[in-house]
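Reviewing the structure listed below.
The values are calculated or read from the model by the stated rules, or taken from the named source; none is laboratory data. As the structure is a computational prediction, the values presented were derived from the model and not from experiment. Positions of Cβ are backbone-derived with ideal geometry, glycine not excepted, and every protein chain shown enters the neighbour counts. With ligands, DNA and RNA removed, areas are computed over all heavy atoms of the protein, side chains included. Shrake-Rupley method; radii C 1.70, N 1.55, O 1.52, S 1.80 Å.
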Amino acid sequence: MTSKPSIDIVIPVLNEERALPGTVATLREFLRDAIPNPCRIVIADNGSDDSTPQVGRGLAEEHPDVAYLRLEQRGRGRALRRAWLESQADLVSYMDVDLSTDLSAFQPLVQALEDGYDLAIGSRLAKESTVRLRSLKREVISRSYNLLIEAMFFTRFSDAQCGFKAMTSAAARALLPHVQDQGWFFDTELLILAEKRGFRIMDVPVTWTDDPDTRVKVVRTALDDLKGLLRLRFGGLPRVERPSG
């Protein structure tokens, strides 16, 4: 009988001392009950200056299936890049610490990779998705941003920035050295590069509940993303070979 591929689930955090224990407890329970694969939770702390380091290290010491990774520089993309490239798992993934995306969508992400896709991404914009408590401003910005990506690059994935993604480790090792952004645009750059270089991407519908305490500065992030899109459009995309198999 073939064993199930191992999975690392990365939680990038910045000053999340309060949310982190509950998130890890909820996620560990879910993985134990719903996912038959060997799983490890990796807390990727990128520059926290509260007690997140102590909380993260404590959770890692308490639970053998939890690891803590510390980066002194901030940037979600930087944290994901390091955690994924250092991973020894077969599959790598990440989700936001607030667990805005219902965990029931995680098994379809894993299944897509087991079925031969290179990347699987949660999509709040799929027809089958359910989105709760999202402001009109954020909804309009998100849909406009993804339409802009489609218009500029003729892409087929529907939601670049949902914080719920997974990929094979082989795809991560091939793609990540070519992704320049260290912050919020990291996801978009990764997906554009992956699709344009022939990597297979599966959109997975999700149930998503907006976090009113989110620290994402929507307008500033949108402007940074626009700069990133222009860089990719006019600077060109590097060549990347899709791993065989």
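So here's what we get for this one:
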read-out: Qualifying position, being touching a residue at least 24 places away in the same chain (Cβ under 8 Å), of a type outside the set (Val, Ile, Thr) and open to solvent by 60 Å² or more (accessible area, probe 1.4 Å), among Arg173, Arg124; value: Arg173
read-out: Pair list, Cβ under 8 Å, 6 or more apart: region 177-201 residue touching a residue at least 24 places away in the same chain (Cβ under 8 Å) and farther than 19 Å from Arg74 by Cα, other residue among the aliphatic types (A, V, I, L, M) and surrounded by fewer than 17 Cβ atoms within 10 Å (Cβ to Cβ); value: Ile192/Leu237; Leu193/Leu237; Lys196/Leu237; Arg197/Leu237
read-out: The one condition in (1) in a strand (DSSP E or B); (2) open to solvent by 20 Å² or more (accessible area, probe 1.4 Å) that Gln107 fails to fulfil; value: (1)
read-out: Breaking point among (1) within 14 Å of the chain's Cα centre (by Cα); (2) open to solvent by less than 20 Å² (accessible area, probe 1.4 Å), for Trp184; value: (2)
read-out: Residue match in region 213-223 (condition: within 24 Å of Leu113 (Cβ to Cβ) and over 16 Å from the mean Cα position of the chain (by Cα)); value: no
read-out: Matching helices (runs of 4 or more DSSP H) fully within region 150-245 where at least 1 residues are at pLDDT below 95; value: 218-235
read-out: Answer residue from region 87-102, given it is open to solvent by 40 Å² or more (accessible area, probe 1.4 Å) and out of contact with any helix residue (DSSP H, G or I) (no Cβ under 7 Å at 6 or more places or on another chain) and is nearest to Thr23 (Cα to Cα) among those; value: Asp96
read-out: Hey, Ile35 under 16 Å from Asp96 (Cα atoms) and among the hydrophobic types (A, V, I, L, M, F, W, C) or not; value: no
read-out: Leu229 under 16 Å from the mean Cα position of the chain (by Cα) and surrounded by 13 or more Cβ atoms within 10 Å (Cβ to Cβ); value: no
read-out: Region 127-149, subset in contact with a Ser or Thr (Cβ under 7 Å, 6 or more places away or on another chain), surrounded by fewer than 19 Cβ atoms within 10 Å (Cβ to Cβ) and not basic (Lys, Arg), residue farthest from Asn37 (Cα to Cα); value: Leu133
read-out: Subset tally (residues that are of a type in the set (Gly, Ala, Ser) and open to solvent by 50 Å² or more (accessible area, probe 1.4 Å)) for region 1-13; value: 1
